[in-house]
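The values are calculated or read from the model by the stated rules, or taken from the named source; none is laboratory data. All values reported here derive from a predicted model rather than from experimental measurement. Please note: Cβ atoms are built from the backbone with ideal geometry, for glycine as well, and neighbour counts cover all protein chains shown. Just the protein is used for accessible areas: all its heavy atoms, side chains included, with ligands, DNA and RNA removed. Shrake-Rupley method; radii C 1.70, N 1.55, O 1.52, S 1.80 Å.
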2 protein chains.
Amino acid sequence: MSRKALPQPAREEIRVEAVLQALGEPVRLQIIRALAGAPDGIACGEIELPVTPSTRAHHLRILREAGVLTTHTEGTRRISSLRREDLDTLYPGLLTGILTARQ
Amino acid sequence: MSRKALPQPAREEIRVEAVLQALGEPVRLQIIRALAGAPDGIACGEIELPVTPSTRAHHLRILREAGVLTTHTEGTRRISSLRREDLDTLYPGLLTGILTARQ
């Protein structure tokens, strides 16, 4: 099956402002909470979200372009997962601190 | 000297989305980096920032209303400091992760 990664910043291109802006939105926080529990990634349509498909796609793109998640295609599916290692290396504690927050 | 705290959310009213939104801006990150090195607080005008006084005041208000910093008046001065204990309790690691980021 063809597998292709969508465009994303390299680790050294990730900027903390962009990461924080991307995360500071309720639906996007819901997405990263879902991904945090799925180290192998989740098909984008399978995350339960109270938004339309196009809004969902928009939020996933913001998170990808900020460097928070990575997305690849598997045939016709898009699988996303958190860039946990990159974020933990760049900003140790940041992601854990956010995931710890009461919702 | 009269000392009065400006309005701010109580710890239990702080929301992670608001904190992340407040922090996801270059000037505001510059402010929290300055405050992180000054546990007793800094007079607002003394933080070197490439912005006008009204923009500075705007950014400080966003950070205060999100619960990131606390500001009190001492006579005619406004002294701000990070709400480090509140943030470290609510989101352990978050602030450290952000302050660790290369600038």
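List of remarks:
- Accessible-area order (highest first, 1.4 angstrom probe) of the listed residues A:Thr96, A:Thr76: A:Thr76, A:Thr96
- Amide H contacts under 5 Å for B:Glu74, placed H, 5+ residues apart: B:Ile79
- Cα-based shape type of chain A, given that a ≥ b ≥ c are square roots of the gyration tensor eigenvalues and the cut on a/c is 1.5: oblate
- Solvent-accessible surface (1.4 angstrom probe) belonging to A:Glu13, in square angstrom, nearest 10: 110
- The range B:47-71 and the range A:31-90: distance between their alpha carbon centers, rounded to Å: 33
- In chain A, helical runs assigned H by DSSP with n ≥ 4 each contribute -39500 (n - 2.57); averaged across all residues and rounded to the nearest 500, the mean residue ellipticity at 222 nm is -13000 deg cm²/dmol.
- Computed from the Cβ-Cβ distance with R0 of 35 Å, the FRET efficiency linking A:Leu6 to B:Arg61 stands at 0.40.
- Shortest-first distances to equivalent copies, position A:Glu65, nm, label 7 Å out along Cβ: 2.6
- Rounded to the nearest 10 square angstrom, B:Thr100 shows an accessible area of 70 square angstrom against a 1.4 Å probe.
- Taking chain B and dividing mean pair separation by its residue count, relative contact order in percent (alpha carbons under 8 Å, at least six apart): 37
- Surface accessible to a 1.4 Å probe, per residue, for the residues of the protein assembly as shown, Å²: 51
- Calculated label separations, A:Ala10, copies of the chain, 7 Å along the beta-carbon direction, nm: 5.0
- Of all beta-carbon atoms in chain B, the one sitting closest to the axis that brings chain B onto chain A gives B:Gly93, 1, with the distance in whole angstrom.
- Shielding by partners for peptide B:11-20, expressed as the average number of C-beta atoms from other protein chains within 10 Å of each residue's C-beta, is 5.
- Among B:Gly75, B:Gly41, B:Gly67, the largest mean-square fluctuation in a Gaussian network model of chain B (Cα springs under 10 Å) belongs to B:Gly75.
- For chain B, modelled as a GNM whose springs connect Cα atoms under 10 angstrom apart, the maximal fluctuation among B:Ala57, B:Ala34, B:Ala66 occurs at B:Ala57.
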